[in-house]
Amino acid sequence: EKRRRDVATGKTKLRGDYGNHRKRARIHGVAYEPGITVEKLVKRDGNICQICGEPCDANDLRWGYSGPLYPSIDHIVAMANGGGHTWDNVQLAHIICNSNKRDLLEEELTEEVITHAKEQAIAYKCA
């Protein structure tokens, strides 16, 4: 499992835990709960992408730092749309699925978007 050492704390973390969520929460004027990490979401959500339902892969580093199946923090309601960086508004998602979802609201997240995300995840899995 690819990890990187946080030079400030000396702790190791999954790559992708170095987001700027605190800054974005302040910019958008939304709630921020510290301690939300990809690693904790992997445990909470059983390493399953909550958008497409397929397993995430922390070893997918085909882009160098991560890959399309790498786990990421997805905000159910995007911070830009007023959703906070809080435990009840975050879920685990593949980077590719999170990217496909963009800042769509839950009611805008059509079956077509979900199906497309799942097809891409499966295609990358087989590649």
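Can you tell me which residues in the range 80-105 are among the small types (Gly, Ala, Ser) and more than 17 Å from Cys49 (Cβ to Cβ)?
Ala80, Gly82, Gly83, Gly84
Which one of the conditions (1) open to solvent by 60 Å² or more (accessible area, probe 1.4 Å); (2) at pLDDT 90 or above does Cys56 fail to meet, given that it meets all the rest?
Going through the list (1) open to solvent by 60 Å² or more (accessible area, probe 1.4 Å); (2) at pLDDT 90 or above, Cys56 breaks only (1).
When you check Arg15 against the structure, is it in contact with a Lys or Arg (Cβ under 6 Å, 6 or more places away or on another chain), at pLDDT below 90 and surrounded by 15 or more Cβ atoms within 10 Å (Cβ to Cβ), yes or no?
So Arg15 passes the test.
Which of the residues that make up the range 18-37 are aromatic (Phe, Trp, Tyr) and either assigned to a loop (DSSP other than H, G, I, E, B) or under 20 Å from Pro71 (Cβ atoms) (or both)?
From the range 18-37, those aromatic (Phe, Trp, Tyr) are 18, 32; that's our starting set.
Within the range 18-37, Tyr18 is the sole residue that qualifies.
Let's see how each residue does on (1) within 21 Å of Tyr124 (Cα to Cα); (2) open to solvent by 10 Å² or more (accessible area, probe 1.4 Å):
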{"residue": "Tyr32", "(1), (2)": "no, yes"}
{"residue": "Gly35", "(1), (2)": "no, yes"}
{"residue": "Val38", "(1), (2)": "yes, no"}
{"residue": "Gly46", "(1), (2)": "yes, yes"}
{"residue": "Arg62", "(1), (2)": "yes, yes"}
{"residue": "Val77", "(1), (2)": "no, yes"}
{"residue": "Asn81", "(1), (2)": "no, yes"}
{"residue": "Val90", "(1), (2)": "no, no"}
{"residue": "Glu106", "(1), (2)": "no, yes"}
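Is at least one residue of the range 63-83 assigned to a loop (DSSP other than H, G, I, E, B) and free of Cβ contacts under 8 Å to residues at least 12 places away in the same chain?
yes
The values are calculated or read from the model by the stated rules, or taken from the named source; none is laboratory data. The shown structure was predicted, so the numbers you read here are calculated from the model rather than taken from an experiment. Positions of Cβ are generated from backbone atoms using ideal geometry, with glycine treated the same way; all protein chains shown enter the neighbour counts. The accessibility values were calculated without ligands, DNA or RNA, using every heavy atom of the protein model including side chains. Shrake-Rupley method; radii C 1.70, N 1.55, O 1.52, S 1.80 Å.
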